[in-house]
1. Do we find that G62 is in a helix (DSSP H, G or I), within 30 Å of the chain's Cα centre (by Cα), at pLDDT below 95 and within 19 Å of A6 (Cα to Cα) in this structure?
2. Is it fair to say E17 is free of Cβ contacts under 8 Å to residues at least 60 places away in the same chain and not small (G, A, S)?
3. Can you list residue pairs whose Cβ atoms sit under 8 Å apart, with the first residue in the range 122-136 being within 18 Å of L192 (Cβ to Cβ) and the second being hydroxyl-bearing (S, T, Y)? Count only pairs 6 or more apart in sequence or on different chains.
4. When you look at K284, is it more than 20 Å from the chain's Cα centre (by Cα) and of a type outside the set (A, V, I, L, M), yes or no?
5. Do you know which residues across the range 142-166 are among the aromatic types (F, W, Y) and surrounded by 16 or more Cβ atoms within 10 Å (Cβ to Cβ)?
6. Against the condition of a type in the set (S, T, N, Q) and farther than 26 Å from G136 by Cα, how does N107 come out, does it pass?
7. Output the qualifying pairs, or none if there are none: Cβ atoms under 7 angstrom, residues six or more apart or on different chains, first residue in the range 94-113 and in a helix (DSSP H, G or I), second residue surrounded by fewer than 19 Cβ atoms within 10 Å (Cβ to Cβ) and of a type in the set (G, A, S).
8. Applying the selection to the range 249-271, what residues are among the hydrophobic types (A, V, I, L, M, F, W, C) and within 17 Å of V295 (Cβ to Cβ)?
Amino acid sequence: MGAIAAILLLLSVLFHELCHSYIAKERGIKVPDITLFLFGGVSRILEEPSSPEVEFKMAAAGPLSSFGLAILLKAAWLVADSLKAGVWILAPLDYGFMINALLGAFNLIPAFPMDGGRILRAALWRWRGSLLEATGIATRVGSAFAYSFMLLGFVFMFTASFISGIWLVFIGWFLKSGAESSLRQTIISNALAELKVKDVMTTKIDAIGPDTSVGEIVEYFMRYKHGGFPVMRGGDLIGLVTMSDVKRVAREDWGRVKAGDIMKPRGEIVSASPDDPIVEAMVKMSAHGIGRLPVIEGGELKGIITRSDLMRTIRIKTELGK
């Protein structure tokens, strides 16, 4: 029964997060993965919602799905009980009902970045007309809940249940970290909102040829301080070589192996267009785990945009308010 209950808990949390992700993807927002961990789950949503209405629907989908699942499990329990089913069926169904009801109710606490906090942010955004201001207020409310959980946890540790107190402290810490992380993401998205790739990309391109040896590429890394180089034949981009590609080559083979042997061919390269929003380029880098994107227009290489370019732009925009 314990094993069945554990599986029900896992599937319940997964269903909750899948409903968030489904609404996000229906609105064109990319969700590359879902992480399940000790306290529940998180859908990695790479960009901010486009409106308060989208934010509300995305946030409300989780608790509503949990409450709906709780109702279904309770109905299944009633049917099983009327049929005189055994405890092996009744107990997990009862536990599933309880855990989903609690999951839905707990996530409605207005502590950003939980679902209730995101619903609060949607309401504030609609009222104040500013996502950044709404996020700041929701973050402060979420931090207040986080500190309350941690304080209550410390009290529990020394007056009631030590284990329950530890759980409350961890939940409070998780809420505080999540609220601060979400605020940083909003600040970054706000700073980059109006920029295009062409506004940030590097147009001076340091390229190599397909016959450049790995030893020469290493010298280029030292000279130009780049993490990767486009491989050009004539004026055409044919591939991309990064430091990770070079590290896979044994040192004794540096003089023999060429860029053309280790490069990622053009057909496999993730690229950007000059008129793409900066946020879209950032999403591509994060989703594919890469640090640079060739910028291509009409089949021609126009520049390179790197994670360093993005970080420098974010720093200038946030520190100077430009």
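The values are calculated or read from the model by the stated rules, or taken from the named source; none is laboratory data. Note that the structure is a prediction, hence the values are computed from the model and not measured. Virtual Cβ from ideal backbone geometry, glycine too; neighbours counted across all protein chains shown.
1. no
2. yes
3. If the second residue must be hydroxyl-bearing (S, T, Y), the pairs left are L131/T186; L132/T186; T135/S182; T135/T186.
4. Criteria not met by K284.
5. Residues satisfying the conditions are F145, F149, F156.
6. Answer is no for this residue.
7. Final answer for the pair search is Y95/A5.
8. Of everything in the range 249-271, those that are among the hydrophobic types (A, V, I, L, M, F, W, C) and within 17 Å of V295 (Cβ to Cβ) turn out to be I269, V270.
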